[in-house]
1. Could you tell me which numbered condition residue 76 fails, if it satisfies all but one of (1) out of contact with any Asp or Glu (no Cβ under 9 Å at 6 or more places or on another chain); (2) at pLDDT 95 or above; (3) among the small types (Gly, Ala, Ser)?
2. For segment 162-176, which positions are surrounded by 13 or more Cβ atoms within 10 Å (Cβ to Cβ) and either within 25 Å of residue 41 (Cβ to Cβ) or at pLDDT below 95 (or both)?
3. Only one residue in 103, 95, 68 is closer than 19 Å to residue 224 by Cβ and touching a strand residue (DSSP E or B) at 6+ places or on another chain (Cβ under 7 Å). Which one?
4. Looking only at segment 107-131, filter to residues that are closer than 18 Å to residue 170 by Cβ and buried (at least 18 other Cβ atoms within 10 Å of the Cβ); which one of those is nearest to the chain's Cα centre (by Cα)?
5. Select from segment 79-91 the residues that are in contact (Cβ under 8 Å) with a residue 24 or more places away in the chain, of a type outside the set (A, V, I, L, M) and either more than 11 Å from residue 50 (Cβ to Cβ) or not in a strand (DSSP E or B) (or both) and list them in ascending order.
6. Within segment 182-193, is even one residue buried (at least 18 other Cβ atoms within 10 Å of the Cβ) and either small (Gly, Ala, Ser) or touching a residue at least 40 places away in the same chain (Cβ under 8 Å) (or both)?
7. Taking the options 43, 64, name whichever one is buried (at least 21 other Cβ atoms within 10 Å of the Cβ), within 30 Å of residue 214 (Cα to Cα) and touching a residue at least 40 places away in the same chain (Cβ under 8 Å).
8. Could you tell me whether residue 102 is of a type outside the set (S, T, N, Q) and over 28 Å from residue 170 (Cα atoms)?
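The values are calculated or read from the model by the stated rules, or taken from the named source; none is laboratory data. The structure presented is a predicted model; accordingly, all values stated were derived computationally and were not measured. Note that we place each Cβ from the backbone using ideal geometry, even for glycine, and neighbour counts take in every protein chain shown.
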Amino acid sequence: MKNIQFKILALLVFVSIGLSSCKKDGDIAVVLPKAGLNTINATNYAINAYQNGTRLNNLGSIGTGGKSGYFAVNAGTQQYQIKKAGPDNPDYLISDLAFQLDSGKAYSLFVAGDTPDKVFMINDVVPTVAGTMAIIRFVNTLPGTTNLDVSIGSTSYPNMAFKAFTAFSGINNGATSLKIYQSGAATPIIDQTINLAAGTIYTIFTTGTLSGTGTDKLTARMVINEL
């Protein structure tokens, strides 16, 4: 079974060794404590993420429903910024949000809109389960006051407010039902089948709005949490 914490620690050791090997003879290399950070885009436009003004996702912008993958970033209390992707968006959409990251741990930064109250961070704590199972969680990235009832397979998660999330938990691999309701409603607003692979870690969330159409239609998204 993949373990995010183990892989993050391996990445951070590699980064530290690389930085130390770059020092000049007689110099003392300053290696800041590191954490792993994965940015997940729950907006309907592509974004770029920054820590202290340095872009994190250098391999490409993060599209709607996408992720950056885990990057080694400075631990401690740092400032984070978000931009809409593209040359027509030179200014920060969201600037100087402070988050605390502990050294050696893994986190996901969720961007669900264009104001600071729609950006939040979760510590990614992954359990060890049988290798024949998948691991899954749901994160409510639908801004507003409408809570959600969520059903994944035979497990239900009632009355989830915006920014609420389930713990990562083991689930049988294969085809699994996903149903999302407005809290208390009998008819789901999303009803679909998802396919889960053994040994894989998933995050489910949504993009769009309840009344949206086109690119703003409420849509279930699923990303794999891995380095």
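1. Among (1) out of contact with any Asp or Glu (no Cβ under 9 Å at 6 or more places or on another chain); (2) at pLDDT 95 or above; (3) among the small types (Gly, Ala, Ser), residue 76 violates only (1).
2. Those that are surrounded by 13 or more Cβ atoms within 10 Å (Cβ to Cβ) and either within 25 Å of residue 41 (Cβ to Cβ) or at pLDDT below 95 (or both): 162, 163, 164, 165, 166, 168, 169, 171, 176.
3. Answer to the selection: 68.
4. If we take residues in segment 107-131 being closer than 18 Å to residue 170 by Cβ and buried (at least 18 other Cβ atoms within 10 Å of the Cβ), then 124 is nearest to the chain's Cα centre (by Cα).
5. Matches in segment 79-91: 84, 86.
6. Going through segment 182-193, the residues buried (at least 18 other Cβ atoms within 10 Å of the Cβ) turn out to be none.
There is no residue in segment 182-193 that is buried (at least 18 other Cβ atoms within 10 Å of the Cβ) and either small (Gly, Ala, Ser) or touching a residue at least 40 places away in the same chain (Cβ under 8 Å) (or both).
7. 43
8. On the way: of a type outside the set (S, T, N, Q): yes; over 28 Å from residue 170 (Cα atoms): no.
It is false that residue 102 is of a type outside the set (S, T, N, Q) and over 28 Å from residue 170 (Cα atoms).
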